[in-house]
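The values are calculated or read from the model by the stated rules, or taken from the named source; none is laboratory data. Everything numeric in this text was worked out from a predicted model, so none of it was measured. Here the Cβ is made from the backbone with ideal geometry for all residues, glycine too, and neighbour counts use every protein chain on show.
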Amino acid sequence: MGKSVEAKDLNIYYGSFLAVEGVNMTIKPKTVTALIGPSGCGKSTFLRSINRMHENIPGARVEGRLELDGQDLYGANVDPVGVRRQIGMVFQRPNPFPTMSIYDNVIAGMKLNNKKASKSELDDTVERSLRGANLWNEVKDRLEKPGSGLSGGQQQRLCIARAIAVRPDVLLMDEPCSALDPISTLAIEDLINELKNDYTIVIVTHNMQQAARVSDFTGFFNIEGTGKPGKLVELDETKTIFSQPKQKATEDYVSGRFG
Amino acid sequence: MTTTEVKSEQKAAKPVTQLGDRIFAGSAKGAGIAILVVLAGVASFLLIEAFPAVTAPESELPGGLVAYVGPLIFGTLLGAVIALVVATPAAVAVALFISHYAPRRLSQGLSYIVDLLAAVPSIVYGLWGAWTLAPLSVPLSNWLTDNLGWIPLFAGPASTTGRTMMVVGLVLAVMILPIITAVAREVFLQTPSLHEEAALALGATRWEMIRMAVLPFGRSGIISGAMLGLGRALGETMAVAMILSVSGAVTFNLISSENPGTIAANIALQFPEASGITVNVLIASGLVLFVITLLVNMLARYIVERRRDFSGAN
Amino acid sequence: MTGTGLEAPASTTPAVLRRKGSLPRWAPLGILAATAVVMAGVAAATGSGVGLWAFLTAVVYAVATYTTSRVVEGARKAADRLVTVIVTGAFVLAMVPLVSVLWTVIAQGWERFDVTFFTNSMRGIVGEGGGALHAIQGTLIITGLAAAMSIPVGVLTAIYLVEYGSNSKLSRAITFFVDVMTGIPSIVAGLFAYALFTLLLGPGVRFGFVGAVALTVLMIPIVVRSTEEMLKIVPNELREAAFALGVPKWRTILKVVIPTTAGGIATGITLAIARVIGETAPLLVTVGLATGVNLNPFDSRMATLPVFSYYSYATPGVPRDPFLDRAWTAALVLMLIVMILNVVARLISRYFSPKTR
């Protein structure tokens, strides 16, 4: 598990509107890459294009190449549904399925796809995933309770468990802590540190301290003005970005001097 | 290990999932198109069946279609307008009572009862109108024609059976009252509490708060509820068919035994025994009714759309 | 001009905070009781009925309250009290006929609410006895057929509008015409079904399925509307969560979106059934009436409860009373069915909404 992601001259459009322009980026396997930048700079759009989630908006399309270990994700015969099975995603707000128990939420990826599995296999998957999400000890006695009864932080870890239960290669996180309190945020950040042993992680965050704490690499996106496309300004090791970035714009942003 | 297995399985399953999506999306779209086809069918079949009535010779249809349908249109509008005039203020008062005057616990039960009454079948209202209200109305009609007979509406002579346009209008009002109330109540309850609190904070009494915040906010809701009720009253068949004694006269006299019929009731009364050109004439009159209710609905939509910008709801 | 608004001249109350007189809490009830007693005296003296007494009491009470409050509390408070009386009075007045309807149906229908009514048909009955078994069966068969046709079409259409349509030309056309359909008078729906089958099978056809088609035309827009509303409530985040797990769209809709709101959809469908099951007019023109049991909706006339009730009332035999009794009981049974469906709808929405705890 843990594959590399590579974008080559990637343009992302909504209809005729160019949202993100000319992204060239290589994400190494089993690393954490943080994407930072001002609101509307296209970092979330880029993240969603990696597992083709942005295609749910009518008119969305891309130009250029996006590869997962050399395999073209936008090839002519590639099913976006298949892409999403290899690249999992965690969202801004925790979104467990309200009709399902904690147990069923974890194995939702298999259940919803009618994958046949024995009871013991499912039990193993649930325990492995919940342990992997640092949630097992808190919920092991109430696996049959609805997932929506948990606290916000627990729900978000349940969503992470759900995402890793299908054993993806890459895990995308779209501001996973923005709806959580500081203690839950810390728990998620610890978890990200453990998850990178197995998965390639790309995380969008508004919080620069968080990017500095959890990531190995950081990419800075910027936008020149409203209506202009977002661009990847700089991608480098996190400590380089935060100590001696090559671009003036990056330095302004990370030091809080952003216009 | 497991990963590679999963991958190969996905490759095999891929075309199947796409097929599933295509079938499902296709049938959903098909259902939508089916509705359009049905509606086109409604229009065209009615037109085909109504057409012979338009071209019918004078010998088969004395006076022509217009002379036949005209009084019925008059009766339909008259009954529905009476119902609307009586029911709307009452419905607004009931809705206000439920939303702003009744104790909270009582108001929940009351809204439930109102919803239930909106679902009572029209045959029940018809029986009640013919059995209970019509005899009860006779003394009132006599009093009206004795004391207010100079108003054309109450010119009399009062009907002795009570099967009058006034009773029809009142029964229709009772029928549409729960419908208008249900809509108005929902809108009143949605008045932003900020608006209400702002009014109260200015020192307004409850009535002033309602006048400043609730009624302006709910105006479009009242109108659309009233139009919904009007549509129901125009199309109501059984209650009218069971109550009204029809002579075909075109008159505003509400309490005599000389009354115009309504389109819907006329169809219900004539259709089971009709044959030949009469069937076509009745279907043509049904089309006219359809057009009238359509116009009312369009008007309601137009009013609501136009008012929306001013309602303060965002 | 009594100055009911906030624009009441400030000059009359220079000190806004000045404590004004106010009526004690028992005052409204006291005035009401006094008015009622006085009016009872007046009514007894003039020999007028209960209705007139209640009317006079209400009017005099409103005037008395307004005047008292005006003197003690000022114009604005008085207007507020007057409106309270008017609203409450209007509410009571509006409730009178509605309660009367329920009471009359129950009282009149109780007479024949017996076992025979539910086990016998009208075959061979000329006077007393007989029942509406055939009509109850007919109502259930025709409504069932209508539901079987309109629920799949209605729910799928709503799914198309919410999940696939995304404001395309087709979806806007469907939305518009579903609105138009909502306004079709029920008798016109009956005429449509009649016209359709006349063109297919020749004039004068009357059988159960024609009625079911008419009811379907009435039911589809209700099902589409309510299902659409329910699907819109499902948060987009749940769809995204399923997509991100590699679940295809159709499975997401079937296994995530619909289960999440199944209670709401079922409630809407139940209310739609309740709405069409009492329809009389379309069945009158398409199905007619039969005296005996007919379980085949594709052959000959069929009795239904509303039409049975109507004909029993409108064209009674001799003696009249057994026919009228049956008409009332049929109406009562119909009303009970509608109410039970409403209660069922409430229970569904209460017990099948997603649990959070």
Single residue of region B:274-296 satisfying the filter (in contact with a Gly (Cβ under 8 Å, 6 or more places away or on another chain) and of a type in the set (S, T, N, Q)) that is nearest to the other protein chains (Cβ to nearest Cβ): B:THR293
1 or more residues assigned by TED's automatic domain parsing to the domain that holds B:MET242, surrounded by fewer than 21 Cβ atoms within 10 Å (Cβ to Cβ) and without any contact (Cβ under 8 Å) to a residue 40 or more places away in the chain: qualifying helices (runs of 4 or more DSSP H) within region B:71-190: B:104-118, B:134-147, B:165-189
Selection count where residues are surrounded by 17 or more Cβ atoms within 10 Å (Cβ to Cβ) and either of a type in the set (Val, Ile, Thr) or part of a loop (DSSP other than H, G, I, E, B) (or both), scope region A:61-91: 9
Every residue from region B:104-162 that is of a type in the set (Val, Ile, Thr) and within 12 Å of chain C (Cβ to nearest Cβ): B:ILE113, B:VAL114, B:VAL120, B:ILE123, B:VAL124, B:THR132
All positions within region A:86-111 that are within 7 Å of chain C (Cβ to nearest Cβ) and farther than 22 Å from A:ARG52 by Cα: A:PRO98, A:THR99
Residue match in region C:104-112 (condition: within 14 Å of chain B (Cβ to nearest Cβ) and among the acidic types (Asp, Glu)): yes
Set B:ALA50, B:ALA13: member being outside the structural domain of B:ASN266 (by TED's automatic domain parsing), at pLDDT 70 or above and surrounded by 14 or more Cβ atoms within 10 Å (Cβ to Cβ): B:ALA50
Boolean, A:LEU10 is among the aliphatic types (A, V, I, L, M), farther than 18 Å from A:TYR199 by Cβ and surrounded by fewer than 23 Cβ atoms within 10 Å (Cβ to Cβ): yes
Lone qualifier among C:VAL87, C:VAL99, C:VAL105 - being surrounded by fewer than 20 Cβ atoms within 10 Å (Cβ to Cβ) and closer than 26 Å to B:LEU136 by Cα: C:VAL99
Considering residues of region C:49-71 that are over 36 Å from the mean Cα position of the chain (by Cα) and not β-branched (Val, Ile, Thr) only, the residue nearest to C:THR84 (Cα to Cα): C:TYR66
Selected residue (only one of C:THR116, C:THR67 is over 30 Å from C:ASP325 (Cα atoms), surrounded by fewer than 16 Cβ atoms within 10 Å (Cβ to Cβ) and out of contact with any strand residue (DSSP E or B) (no Cβ under 9 Å at 6 or more places or on another chain)): C:THR67
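A quick yes/no check of all residues on (1) of a type in the set (Ser, Thr, Tyr); (2) at pLDDT 75 or above; (3) in contact with an Asp or Glu (Cβ under 9 Å, 6 or more places away or on another chain):
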residue: C:THR46; (1), (2), (3): yes, no, no
residue: C:GLY49; (1), (2), (3): no, no, no
residue: C:ALA54; (1), (2), (3): no, yes, no
residue: C:ALA58; (1), (2), (3): no, yes, no
residue: C:THR84; (1), (2), (3): yes, yes, no
residue: C:THR88; (1), (2), (3): yes, yes, no
residue: C:MET95; (1), (2), (3): no, yes, no
residue: C:TRP103; (1), (2), (3): no, yes, no
Qualifying residues in region A:120-141 (those that are basic (Lys, Arg) and assigned to a helix (DSSP H, G or I)) - the one surrounded by the most Cβ atoms within 10 Å (Cβ to Cβ): A:ARG128
Residue match in region C:254-263 (condition: at pLDDT below 90, at the interface with chain B (Cβ under 8 Å from one of its Cβ atoms) and over 22 Å from B:SER122 (Cα atoms)): yes
Considering residues of region B:24-52 that are facing chain C (nearest Cβ under 7 Å) and in contact (Cβ under 8 Å) with a residue 60 or more places away in the chain only, the residue farthest from C:ALA189 (Cα to Cα): B:GLU49
Filter result (assigned to a loop (DSSP other than H, G, I, E, B) and within 14 Å of another protein chain (Cβ to nearest Cβ)) within region C:265-301: C:GLY278, C:GLU279, C:THR280, C:VAL287, C:GLY288, C:LEU289, C:ALA290, C:ARG301
Matching residues in region B:205-250 - criterion: being more than 11 Å from every other protein chain (Cβ to nearest Cβ), without any contact (Cβ under 8 Å) to a residue 24 or more places away in the chain and more than 22 Å from B:PRO135 (Cα to Cα): B:ALA213, B:LEU215
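Every residue, every condition in (1) touching a residue at least 40 places away in the same chain (Cβ under 8 Å); (2) more than 9 Å from chain B (Cβ to nearest Cβ), yes or no:
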position	(1), (2)
C:ARG76	yes, no
C:PRO97	no, no
C:SER121	yes, yes
C:VAL126	yes, yes
Residue match in region A:112-119 (condition: within 9 Å of chain C (Cβ to nearest Cβ), on the phi < 0 side of the Ramachandran plot and surrounded by 20 or more Cβ atoms within 10 Å (Cβ to Cβ)): yes
Scan of region C:180-205 for residues that are surrounded by fewer than 21 Cβ atoms within 10 Å (Cβ to Cβ), facing chain B (nearest Cβ under 9 Å) and part of a loop (DSSP other than H, G, I, E, B), ordered by number: C:PRO203, C:GLY204
